[in-house]
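What follows is a set of notes on a single structure, which appears directly below.
The values are calculated or read from the model by the stated rules, or taken from the named source; none is laboratory data. Values in this document were obtained by computation on a predicted structure and should not be read as measured data. Positions of Cβ are generated from backbone atoms using ideal geometry, with glycine treated the same way; all protein chains shown enter the neighbour counts.
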Amino acid sequence: MMNDKAGRFPLRVNLRRATARQGEVIMNKQHKIKLGIVGCLALGTTLYVLLDFQRTESLFVRSAMIVLLWLIGVASVLLAITSDRVRAKFQSKSAGKNGGPPLRGLVEITNEGIWTVDKELKTSFVNQKLADTLGYGVEEMLGQPIFAFMDDEAKLQVQQYVERHQEGIAEQFEFRLQHKDGSSVWAALSAKPLTDAHGKYLGGMAMLTDITERKTAEEILQECEANHRALLDNARDFIFTLDIEGNFKTVNRAALQLTGYSREEALHMNFAQVVTPESMPLASAIMEVLRDGRSVPVYEVEIATKDRQKVRIEVNSQTIYRKGKPVEIQSIARNITERKRAEAEHQQLQDQLLQAQKMESIGRLASGVAHDFNNLLTVIIGYGQLLFRNLAASDTNRAAAEQIIKAGESAASLTRQLLAFSRRQVLERKVINLNQAIGTLMKMLQRIIGEEVETLFLADDKLPMVFSDYGWIEQVIINLAINARDAMQGGGQLMIKTQAVTLDDAYCKENLWAKPGQYAQISICDDGTGMDAETLQHIFEPFFTTKEEGKGTGLGLAVVFGIIQQHNGLIHVYSEMGIGTTFKVYLPAHQSAFAAPQLQAEEVPLPNGKETILIGEDDETLQRLARSALEGLGYKVLLANNGEEVLRQFTAHRDQIDLLILDMVMPRCGGYEAYQEIQKLNGAMPVIFVTGYSTEMTRHTLVPETNAVVLQKPYGVAELGRKVRALLDAASAKQ
C-alpha cells in the first residue's frame, strides 16, 4: 500500500502558496517513507474504507472524500515543515492536472462540486462538476475570490459563515450562487477549515451539492401554500380541520372573526368547546359517523362565540384518509343565523297571514249569514217585544215572551261578537264620560261576577272624554271582568281604575306596542292565578282559551282586541303566575264637552207620531214587523221591496214622506244608492239605514248633516221607535 511498482508514493499533494503558484512535491525514498508513515497515521483506516467505496456515489463516499482531502492537506503541511530536503517544482498548469491519477479520478467522478480556497478566500481548486454547475471553465474560476460567484444576499450570508469558518468551526448550510448567465444556483455546502500544525488558518475546502431543483420545488410549494392560505383566509365561509379526536388543526380567518377567538386559542380547543349544549348530541353523532368513514349530508348546528353569542351554522364535512386510515375531518361552514331569523320571521308572517285569513274567513262567514240571520233575530226579538208589551202583567204568557226576547238577544250578542273580533261591526260613537258609564255598570258587574269577588272602582276626576261606542266599551269591561273572575277561583279582589295618561315618544320607544298621545286609561286588575309567557302570546287569538272544554268559546279577548283596535285605542296586559293580571285599555282622549250616555229603560213609554215613513226592505217578515211597530205608534207606513220601488214610491209620495228606513242590501238597488238618488230630489230627507252587516256599509261615510243614522240588526221595536222619533225631531228642529 505504501509503494507502487515505480518506487514512487502514489499520492500527489497540491499546495496553494501565497504567491498563487502551484507546485508538485518531489521527494526521495527516505522522505517517501517518512511521508508514508505520517500518511498512514493520518489516514488510518479511512483510506482503506475510501478505496473500497471509491467507485460508488453514496453519501458515505462524499463525506469520506472531504475527510480525505482535509487529511491530505494536513499531511502536506506536515511534510513541508518537517522536511528540509523537499524542493518544489512549480508549474503554470491548472490544479486539475497536478493531481495523481487516483485522487484526480476520485475528485472528477464524484457527482458533487469540490471547491478549495486559500486564506484570502481565492479559489485554489475546483472540480469540473462545480465549474459546469456555475457555467464556467475550471481555468476561469481559479484565482477568483469566492464572492465573485454570489449576489449581495449570498455574500452577506457567506461572510458571516467565513468568520466562523476561520475560527475553526465546520458548518453545513444552504446558499445561492450566481450562474455565469446571471441565473441563480442553489447549493448545499459542507465545509472544513484548513489549518497548520499550530492551528493557523490556511484556507478551506468544501463540497457543494446542486439543490436548485429542490429549492425551486420548495418555492413553488411555498407559493402554493401561501396562495392556499390566502384563499382560505379570504373566503367568506368558515373553513377548518379537526383531528380524529375533534381538536382544531387549522382555522381560517373568517371562522376566527366569527367566533372571536385568536388562532392560537382556537388551535388549543376541541369542537365540544364551541358547540352549544343544545346541538352537542347531533354534533357528537356526526363525529362518530365521520370517524367511521361514512359520509354525512349537510347539517346544521349551533355554536357559541367567545362572548357567548349563539350562531347557527350550516356545515359540510368529509373525512380525510392517509394509508387507509382516517386522520382528520375537513369542514366548510356558513353562518345562517340571519337566514334562519329571516325564515322564522317569514314563518311568523305566514302564521299571521293565515291567522288574518282565518279571521277574515270567519268575518266573511259572519257577514254572509248576518244579514239573513239578523233578519230572523230582528223578527224574533221584535215580535217578542210586541207580545210582551201587549200582555198584562198577570198574564202567564208574559214570562214566555220574556224568554223569547232574552234568547233572541243572546243570539244577537253572539253575532255581534263574531263581527267584533273581525272588526266589521258598525260603531255608533258618542262623546261619553267613562267614569259615569263605568259607575253605572258596576252594579250589574257585581251581580255577574258574584259575591265571592270584591269589586272596587277608583275614578280619576280629571279623566278626559272619549269618542266611543258605549255599548262596545261596556262589552270590553264585562269580558275582562268575567275573565278576572274565572282566574280567582275561591274569591279575590277585582279593581277597575280610570286614569288620565300621556304616552310620550320616549315611552313609546321603550314600549313598541304604544303610540304617542293622550288617553283615558281603564285598568282591570285581579289577584288571580296569573298567566305564563306562552299564554300571554296567544290570549288575543280567536278561539284560544285556557278554560276547560265547554266553558269558553275563546272569543272573549279576541272581541276585546277587535273593539279596542276599531276605536284606535291600545290594550296591554301584564301578568305573573300566582300574583295576578292587569289589563290596561287606552282610549284616545276627546276634547269635546261632556255628554252622558243616554241609557233608556225598556219600560219607558215610546213616543208616538203622525208622520209618514217609507220602509225599503226586501224581507216581508221584517216589513210586517216594522209596519206593525210603527203603525202601533201612530205613524203612517209605505212599503217597498227593492231600491227601484223605493224610488218610485218616493217620487209618487214625495210631499207626504217625512222619513226613510232603508235596508242597505236590497235587490236591483241598495238602500244607499237609492238614497243618493233621493238626495237629488230632496237633500234634507232624514234616513235610517238598517244593516245586519254589509261590506257596503264600510264604503260609506255618513255625516251628521245628511240626517242619516244606522240601525244595527237585530233591533228591538223600542229601539226602532226611539230612533225614528229622535231623527224626526232633529229634522224638524233644523227647519
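I'd like the full set of residues that are in a helix (DSSP H, G or I) and under 18 Å from G578 (Cα atoms), limited to the stretch 482-529. Spell out how you get there, then give the answer.
To start, the set of residues in the stretch 482-529 that are in a helix (DSSP H, G or I) comprises 482-487, 505-510.
Hits for the stretch 482-529 are N483, A484, R485, D486, A487.
Could you run through the stretch 653-678 and say how many residues are in contact with a strand residue (DSSP E or B) (Cβ under 9 Å, 6 or more places away or on another chain), more than 27 Å from F373 (Cα to Cα) and in a helix (DSSP H, G or I)?
1
Hey, K497 hits all of (1) at pLDDT below 90; (2) within 20 Å of V453 (Cα to Cα) but one; which does it fall short on?
Of everything listed in (1) at pLDDT below 90; (2) within 20 Å of V453 (Cα to Cα), K497 misses just condition (1).
In the set L130, L221, which member is surrounded by 19 or more Cβ atoms within 10 Å (Cβ to Cβ) and of a type in the set (A, V, I, L, M, F, W, C)?
Exactly one of L130, L221 is surrounded by 19 or more Cβ atoms within 10 Å (Cβ to Cβ) and of a type in the set (A, V, I, L, M, F, W, C), namely L130.
Out of all the residues in the stretch 309-325, is one or more of a type in the set (F, W, Y) and either under 15 Å from I239 (Cα atoms) or assigned to a loop (DSSP other than H, G, I, E, B) (or both)? It would help to see each step written out before you state the result.
Let us first name the residues in the stretch 309-325 that are of a type in the set (F, W, Y), namely 321.
Subsequent filtering for residues that are either under 15 Å from I239 (Cα atoms) or assigned to a loop (DSSP other than H, G, I, E, B) (or both) retains none.
Within the stretch 309-325 (the criterion being of a type in the set (F, W, Y) and either under 15 Å from I239 (Cα atoms) or assigned to a loop (DSSP other than H, G, I, E, B) (or both)), the answer is no, since none of the residues qualifies.
Just to verify a result, which residue in the stretch 246-263, among those that are in a helix (DSSP H, G or I) and not charged (D, E, K, R), is farthest from the chain's Cα centre (by Cα)? Can you show your working first?
Step one: list which residues in the stretch 246-263 are in a helix (DSSP H, G or I), which gives 253-259, 263.
Of the ones still in play, those that are also not charged (D, E, K, R) are 254-259.
On the way: A254: 16, A255: 16, L256: 18, Q257: 16, L258: 12, T259: 14 Å.
It comes out as L256.
Run down I329, I336 and say which single residue is in contact (Cβ under 8 Å) with a residue 60 or more places away in the chain, surrounded by 14 or more Cβ atoms within 10 Å (Cβ to Cβ) and not aromatic (F, W, Y). Even if it seems obvious, please write down each step before you answer.
Details: I336 fails: in contact (Cβ under 8 Å) with a residue 60 or more places away in the chain.
None of the other options fit; the residue is I329.
Please give the number of the condition E644 fails out of (1) of a type in the set (D, E, K, R); (2) touching a strand residue (DSSP E or B) at 6+ places or on another chain (Cβ under 9 Å); (3) at pLDDT 90 or above.
Single failed check for E644: (2).
Test each condition in (1) in a loop (DSSP other than H, G, I, E, B); (2) over 28 Å from N270 (Cα atoms); (3) at pLDDT below 80 for Q222 and report the one that comes out false.
Only one criterion in (1) in a loop (DSSP other than H, G, I, E, B); (2) over 28 Å from N270 (Cα atoms); (3) at pLDDT below 80 is unmet by Q222, namely (1).
Filter the stretch 326-338 for residues that are among the β-branched types (V, I, T) and in a strand (DSSP E or B); which is farthest from V274 (Cα to Cα)?
Initially, the stretch 326-338 is screened for residues among the β-branched types (V, I, T), giving 327, 329, 332, 336-337.
Of the ones still in play, those that are also in a strand (DSSP E or B) are 327, 329, 332.
On the way: V327: 21, I329: 16, I332: 15 Å.
The residue in question is V327.
How many residues are surrounded by 20 or more Cβ atoms within 10 Å (Cβ to Cβ), at pLDDT below 85 and out of contact with any Phe, Trp or Tyr (no Cβ under 8 Å at 6 or more places or on another chain) when one looks only at the stretch 685-711?
Of the residues in the stretch 685-711, 4 are surrounded by 20 or more Cβ atoms within 10 Å (Cβ to Cβ), at pLDDT below 85 and out of contact with any Phe, Trp or Tyr (no Cβ under 8 Å at 6 or more places or on another chain).
Return the residues of the stretch 164-186 that are within 17 Å of T123 (Cα to Cα) and not in a loop (DSSP other than H, G, I, E, B); say none if nothing qualifies. Explain how you work it out, then say what you get.
Initially, the stretch 164-186 is screened for residues within 17 Å of T123 (Cα to Cα), giving 165-166, 177-180.
The answer is H165, L177, Q178.
Show the residue pairs meeting these rules: Cβ distance below 6 Å; 6+ apart or different chains; first residue within the stretch 658-687 and assigned by TED's automatic domain parsing to the domain that holds R627; second residue of a type in the set (S, T, N, Q) and surrounded by 20 or more Cβ atoms within 10 Å (Cβ to Cβ).
Final answer for the pair search is M664/T691; M664/S694; V665/S694; P686/N707.
If the requirement is being free of Cβ contacts under 8 Å to residues at least 12 places away in the same chain and either of a type in the set (S, T, N, Q) or crowded, with 17+ Cβ neighbours inside 10 Å (or both), which of these qualifies: Q446, Q436?
Only one candidate passes the filter, namely Q446.
Within the stretch 583-606, does at least one residue satisfy the condition of being in contact with an Asp or Glu (Cβ under 8 Å, 6 or more places away or on another chain), surrounded by 12 or more Cβ atoms within 10 Å (Cβ to Cβ), modelled with pLDDT of 65 or more and not in a helix (DSSP H, G or I)?
Keep residues of the stretch 583-606 that are in contact with an Asp or Glu (Cβ under 8 Å, 6 or more places away or on another chain), which gives none.
Looking for residues that are in contact with an Asp or Glu (Cβ under 8 Å, 6 or more places away or on another chain), surrounded by 12 or more Cβ atoms within 10 Å (Cβ to Cβ), modelled with pLDDT of 65 or more and not in a helix (DSSP H, G or I), one finds none in the stretch 583-606, hence no.
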